[in-house]
């Protein structure tokens, strides 16, 4: 996960949520009108989904 400001560095390209250089990374972009709290809300929601997915796969493989 990469959390980007409204004016990101050139290497993150434009208008993408992925990177050709880091294919497993997800980019969380924020435009000038969006507050950081909303951006972080999207990050937190995805982290919760990832944790739940990993927890279900771990608990399912124990038995």
### Summary
Computed over the chain: longest principal axis from alpha-carbon atoms vs helix 36-61 long axis, angle to nearest 10 degrees, is 20
### Message
For the chain, what are Rg and Dmax over the alpha carbons, in angstrom?
### Response
14.8, 49
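Since every read-out is calculated from the coordinates, none of them should be taken as a lab result. Remember, it's a predicted structure, so these values are computed and weren't measured experimentally.
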